[in-house]
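Heads up, the thing below is written out as structure tokens.
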Amino acid sequence: MIRHRPFGSGHPYSVDTEQRHPVDPVAGEPVTLGVRTSPGIDDVSVELVGPSGTSTLALTPVVSMSRGQSVDGGHLASAQARLARAAGGWQVTLDQLEAGEKYRYRFVGAGERTRWFDFRVSVWRPDTSGLLVSVGTDRVVPGSISVLDDGSATRRIRFALPLLAGEHVSGFGERYDALDHRGTQLDSIVFEQYKNQGAERKTYLPMPFAHVVGGSGWGFHVRTSRRVWFDIAASDPDLLWIEAETEPGGTLEIAFYAGSPASVLDQHLTEVGRATELPDWVFRLWASGNEWNTQSAVMRQMDAHRDHDVPVGSVVIEAWSDESTFTTWRDAITHDAADGEPRRLRDFTFPEDGAWPDPQGMVDELHERDIRVHLWQIPLIKMRPHPAGQVKADAAAALREDVLIKEVAPDGTLRPYRNRGWWFPLGLMPDLTDSRAAAWWTEKRRYLVEEVGIDGFKTDGGEHAWGRDLRYLDGGHGDEKNSLFPGAYAKAYGDLLSSAGKAPVTFSRAGFTGSQPHGAFWAGDENSTWDAFRWSMFAGLSASAGGILYWGWDFAGFSGDVPTADLYLRSAAAAAFVPIMQYHSEFNHHRTPSHDRTPWNIAERTGDERVLPVFRRWVKLRERLVPYLAEQARLSIESGMPLMRALYFDWPTDEKVWQYPLQWMLGDDILVAPVLEPDAAEWEVYLPEGDWVDAFTGTPVNGGAVVRRLVPYDELPVYVRRAAWQILSEVFASDGGLA
């Protein structure tokens, strides 16, 4: 076997051995052609046909690389290890390719030949065709526009925007490393970065939209779902360079918005869609643990919340299903629907000694306790191990009904796309961007909503569409549609819930421009470290700057050993003042000691008797804060002003706010300054201009100054606008103190 995939796996940050790199060769730059071979092939050559004739070049053996090699621990690492191949790698590098010329090539070895492949060589040239279209006040630097084309098609366009001294550039979707990105480079493509997002500078939820704060105030949106690269005054201190993959005709639109950050975001949301209002209960505590994989385990934890007097509003059950169909409760007895049709609750029997003896009864009881129930989902049909039973029938039905995303096969034909990511490798992927396919998929889950009574879905894993060679049902290619998939995924489940008369409560980690109307979001998988805590705060503030309203994170982290009491309580305090307050923990194979992030387990593991009473205080304060959050969320949807927002939204001309990037306003009246370092006895806070009241002492404080405040674990630097103190003082009343 000789395998060559010109586009590779589609991993945006790794080059595979068997691909062409770059995929679109550029004149003056080398091009590497590679293959992977099965054992027994001892030499490989490439037959190359170009403008100078035909030549044969020998390939050199190399270490085989696929889908990236560096993954930090956990479920992704183990899955990736299973993807390792014994196949050998071979590569050859070409240079001195001629601009605009077409080259054909195929590989030969041990009596085998691949099919012919071809490419044209592109070259950068000044744009003389007006391919860049500016909407609004044009800010493109004259003479900066160039295009990359091969004589028959335009591949990319590049141009510059001016930056003045003192202007800050913020946004770009959910970003974990900074609030002001001036002096850096980044791109916009949906990617599953398992942990360490701040260090890797990759994101599940990018947007080619940004604020330019300072000066006159403006913002921009590159109107494309294809990949965009940004050089934000990194190469030139006065220029923001943008390079983007183009539409089929070579065109690209960029929208410019003028005004304050609030006005810029409002204009942008008018274009792409605003958050859909969710019920007030989403602002209560969310509880989750990946080892709560039986009805008794879930009820035991909910009982513990009651017994410890820690209110809870939602429970997310991740490990509920058979881990095969993701529609069937584990241990349920049912017949296989050979035609792949949806089933109803009456089609299942739940053994008394099974994992879930009465799901409907469990949900009913939790509803009586005022707890909502959410189930985990993945947008894949699992194909490893070899499918059997219902999942086999579902796969056959998906093929028959033509609801799957496709990919280009080695022979150039189309076949069903097989997941190239590390998680559920080779799974089939429904095209949830297509309304017919989305309805086919979600109907299988309808009984969960209408009969079992489920209130929402954790729409996880929306990042599995890799590669521009993918083909969607409307004919769209992967480079255009892959980043749109997670928004369509959340919408499909939201539509299911709405059709059953419920609020469209989804909980996603992936998204893109246009995801703003579709449910709530969390910041993804992260370790229990102080770095991760800080990275998550940047993520929330940058996501909100793009119009993501209902946002949270796994406070104190979800992966690895449990956090210290210090980290747990500081992050819980901060979480009480973000839109979604949630704890969650990774699967630990039920080993002891437990890795659950429940406050009682943290108290037991750390031996710190303060954990439970302090945590209880924060959750009860949060309960009293819900009416304010609900009111402010409604105002946010109307105005576009984020619910959780960086200080530059309210004080865009105050340079001092950039020195304190991880402070935020929660609605119009509450300023929050989380404690982000271990063992802190006091904390420095910048209070912008205005009249403030210390929320925990009731002491008036004048703004326009830096203050230092003592920070016991049961308090946080939180300041309320004096004009709102009479109303909000009840939220911080002493009856919510330590019990």
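For the stretch 429-508, give the percent of accessible area contributed by carbon and sulfur heavy atoms, probe 1.4 Å, rounded to a whole number.
On the stretch 429-508, the fraction of accessible area on carbon and sulfur atoms equals 46 percent.
Would you please give the FRET efficiency between residue 654 and residue 626, computed as 1/(1 + (r/R0)^6) with r the Cβ-Cβ distance and R0 = 41 Å, to the nearest 0.05?
E between residue 654 and residue 626, to the nearest 0.05, is 0.85.
So with the 1.4 Å probe, I'd like the accessible area per residue for the stretch 102-159, rounded to whole Å².
50
Could you tell me what percent of the accessible area of the stretch 537-605 is made up of carbon and sulfur, with a 1.4 Å probe and every protein chain present?
Values: 780 of 1460 Å².
Exposed carbon and sulfur together represent 53 percent of the surface.
What does the charge count around residue 577 come to, taking other residues whose C-beta lies under 13 Å from its C-beta (Lys +1, Arg +1, Asp -1, Glu -1)?
So the surrounding residues net to +2.
Apply the Karplus parameterisation 6.51 cos²θ - 1.76 cosθ + 1.60, with θ equal to phi minus 60°, to every residue of the stretch 604-613 and state each ³J(HN,Hα) to the nearest whole Hz, in sequence, with x for glycine and proline.
These are the phi-based 3J(HN,Hα) values: 5, 5, 8, x, 9, 6, 7, 4, 5, x Hz.
Between the alpha-carbon centers of the stretch 497-571 and the stretch 630-697, tell me the distance in whole angstrom.
Taking the Cα centre of the stretch 630-697 as reference, the centre of the stretch 497-571 is 18 Å away.
Here is the link list: 195/620; 458/491; 202/406; 406/491; 392/444. Which ones come out longer than 23 Å on Cα distance?
Values: 195/620 30 Å; 458/491 12 Å; 202/406 26 Å; 406/491 21 Å; 392/444 15 Å.
Flagged as over cut-off: 195/620; 202/406.
Just grab the label-to-label distance for residue 477 and residue 236, each label 7 Å out from Cα along the Cβ direction, in nm (one decimal).
2.9
Using the Karplus equation 6.51 cos²θ - 1.76 cosθ + 1.60 (θ = phi - 60°), what ³J(HN,Hα) coupling, rounded to whole Hz, does each residue of the stretch 462-471 give in order, writing x for Gly and Pro?
Karplus values, whole Hz, x for Gly and Pro: x, 9, 8, 8, 10, x, 7, 7, 5, 10.
Sort 477, 464, 590 by heavy-atom solvent-accessible area, probe 1.4 angstrom, most to least.
The ordering from most to least exposed comes out as 590, 477, 464.
On full extension of the chain, what length is gained from residue 347 through residue 638, given 0.36 nm per residue of separation minus the C-alpha to C-alpha distance?
Extra length from residue 347 to residue 638 when fully extended: 100.3 nm.
Nearest 20 debye, what's the magnitude of the dipole of the chain about its Cα centre given +1 on Lys and Arg Cβ and -1 on Asp and Glu Cβ? List each step's numbers first, then the result.
Values: 73 positive and 102 negative charges, 291 e Å.
In total the dipole reaches around 1400 debye.
Can you work out the accessible area per residue across the stretch 351-446, with the rest of the protein chains kept in place, probe 1.4 Å, in square angstrom?
Computed with neighbouring chains in place, this is 40 Å² per residue.
Compute the length gained on full extension between residue 56 and residue 38: take 0.36 nm times their separation in residues and subtract their Cα-Cα distance, giving the result in nm to one decimal.
4.3 nm
Amide H of residue 122: which non-local residues (sequence gap of 5 or more, or other chain) have their own amide H closer than 5 Å, using H built in the peptide plane?
The answer is 26, 27, 100.
Rounded to the nearest 10 Å², what accessible area does residue 271 show when all protein chains are kept and the probe is 1.4 Å?
Rounded to the nearest 10, that gives 70 Å².
Could you look at the stretch 133-208 and say what percent of its accessible area is carbon and sulfur, using a 1.4 Å probe and all protein chains?
49
Run the numbers for residue 258 and residue 699: contour at 0.36 nm per residue of separation, minus the present Cα-Cα distance, in nm.
Taking residue 258 through residue 699 to full extension adds about 154.9 nm, to one decimal.
Any idea of residue 362's accessible area? Nearest 10 Å², probe 1.4 Å.
0
Give me the accessible area per residue for the stretch 499-568, probe 1.4 Å, as a whole number in Å². Walk me through the numbers before you get to the answer.
Values: 1200 Å² over 70 residues.
About 17 Å² of surface per residue is accessible.
What is the angle, in °, between the Cα long axis of helix 530-545 and the longest principal axis of the Cα atoms in the chain? Nearest 10 is fine, range 0 to 90.
Once rounded, one gets 80 degrees.
What Kirkwood radius, in Å to one decimal, follows from the Cα pairs of the stretch 373-460?
14.1 Å is the Kirkwood radius here.
Once both labels are modelled 7 Å past Cα along the beta-carbon direction, what's the residue 199-residue 339 spacing in nm?
According to this spin-label approximation, the distance is 5.4 nm.
If amide hydrogens are placed 1.01 Å from N in the peptide plane, which non-local residues have theirs closer than 5 Å to the one on residue 372?
Placed amide hydrogens put 314, 315 under 5 Å from residue 372.
Between residue 152 and residue 369, what FRET efficiency follows from the Cβ-Cβ distance if R0 is 56 Å, with the result rounded to 0.05?
That pair, residue 152 with residue 369, gives E of 0.30.
Once Lys and Arg get +1 and Asp and Glu get -1 on their Cβ, which of 357, 419, 377 lies farthest toward the positive end of the dipole of the stretch 317-459?
Result: 419.
How would 139, 284 line up by accessible area, probe 1.4 Å, largest first?
139, 284
With every protein chain kept in the model, how would you rank 570, 400, 106 by accessible area, 1.4 Å probe, largest at the top?
400, 106, 570
Mean separation of Cα pairs under 8 Å and 6+ residues apart, divided by the residue count of the stretch 342-483: what relative contact order is that in percent?
After rounding, I find 30 percent.
Specify whether the C-alpha gyration tensor of the stretch 576-649 places it in the rounded, prolate or oblate class, a ≥ b ≥ c being the square roots of the eigenvalues: rounded for a/c under 1.5, otherwise prolate if a/b is larger than b/c and oblate if not.
Because a/c hits 1.5 or more and a/b exceeds b/c, the stretch 576-649 counts as prolate.
Find the relative contact order for the chain and round it to a whole percent, using C-alpha pairs within less than 8 Å whose residues are 6+ positions apart.
Value for the chain: 11 percent.
Would you check the accessible area of residue 56, probe 1.4 Å, heavy atoms only, in square angstrom rounded to 10?
90
Restricting to DSSP H runs of at least four residues, report the calculated mean residue ellipticity at 222 nm for the chain, -39500 (n - 2.57) per run over all residues, nearest 500 deg cm²/dmol. The partial results should precede the final answer.
On the way: 14 runs with 158 residues, N = 739.
Mean residue ellipticity, 222 nm, calculated: -6500 deg cm²/dmol.
How far is helix 359-368 tilted, in degrees, relative to the longest principal axis of the Cα atoms in the chain, given as a value from 0 to 90 rounded to the nearest 10?
Taking Cα atoms only, the helix is inclined about 40 degrees.
The values are calculated or read from the model by the stated rules, or taken from the named source; none is laboratory data. Keep in mind it's a predicted model, so treat the numbers as computed, not measured. All Cβ positions, glycine included, derive from the backbone under ideal geometry; neighbour counts span all protein chains shown. Surface areas here come from the heavy atoms of the whole protein model, side chains and all, with no ligands, DNA or RNA. Shrake-Rupley method; radii C 1.70, N 1.55, O 1.52, S 1.80 Å.
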